[in-house]
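Before any comments, here is the structure.
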Amino acid sequence: RAQKKHGAPYPILLVHGFMGFNRVGKLDYFFRVKESLESHGEDVHIATIPPFQGVEERGLELAKIIDDVLFKTWAEKLHIIAHSQGGVDSRYVMSALGYENHIASLVTIATPHLGTPFADYVLNVPDGAFDPVSRTMGWIIGRLDVEEQERESHTKSKSWEPRLDRSLLQLSEAGMNKFNKTYKDPPGVAI
């Protein structure tokens, strides 16, 4: 006999943004947010998704984490608090992957819903002009998080390979314009 799913209060899932991570060494992406919410009785989980990848790849990984949190907590829904690209990823999961019935609310913080001029700037600089140190640092941070993820899951996934170009194309103003036309926010989720 299947156990009945729990209603509200729902667990909370924190979703990082572009170049994000759960923890690298002693550095915590959501500095004290989880602890603060838990001190008020909330059940808080943190998603670790590919830091340098497109919305589709990050969204597929996020969907797996949502499924896992719902399974572990026996909740019928969860709340998402998403930073930056994590908000776009969450919208993709709801609209493209059909998770609107699993998400009670979505709070986005500094999410480039209309695109970001930074992505446009980087995409429009002449070849070779983008700071190679930034690319190298991005790759290193991505690899550190990949290694942590692979240790936790014991698997290797292509979606964890750093693809800065995919993130930038999708977060550009043109990329987000296309995204907003393609993926409409579902009416049943508080955004």
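Here, each number is a calculation from the coordinates, and none is a lab measurement. In this text the structure is predicted, and so the values were computed from the model without any measurement. Neighbour counts are summed over all protein chains in view; Cβ atoms, including those assigned to glycine, are modelled from backbone coordinates with ideal geometry.
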The range 37-129: equivalent-ellipsoid semi-axes (sqrt of 5 x gyration tensor eigenvalues, Cα, Å): 29, 14, 12
Estimated distance in nm for a label pair at Ser105 and Ser36, the labels positioned 7 Å out from Cα along Cα-to-Cβ: 1.6
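Is there a pair in Lys4/Lys178; Lys5/Lys64; Lys5/Lys181 whose C-alpha atoms are over 30 Å apart, and which pairs would that be? Don't skip to the end; give the middle numbers.
On the way: Lys4/Lys178 39 Å; Lys5/Lys64 18 Å; Lys5/Lys181 34 Å.
From the list (Lys4/Lys178; Lys5/Lys64; Lys5/Lys181), the Cα-Cα distance tops 30 Å for Lys4/Lys178; Lys5/Lys181.
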Convex hull volume per residue in cubic angstrom - Cα atoms of the range 27-74: 79
Magnitude of the charge dipole, the range 1-115, Cβ model with Lys/Arg +1 and Asp/Glu -1, debye to 20: 200
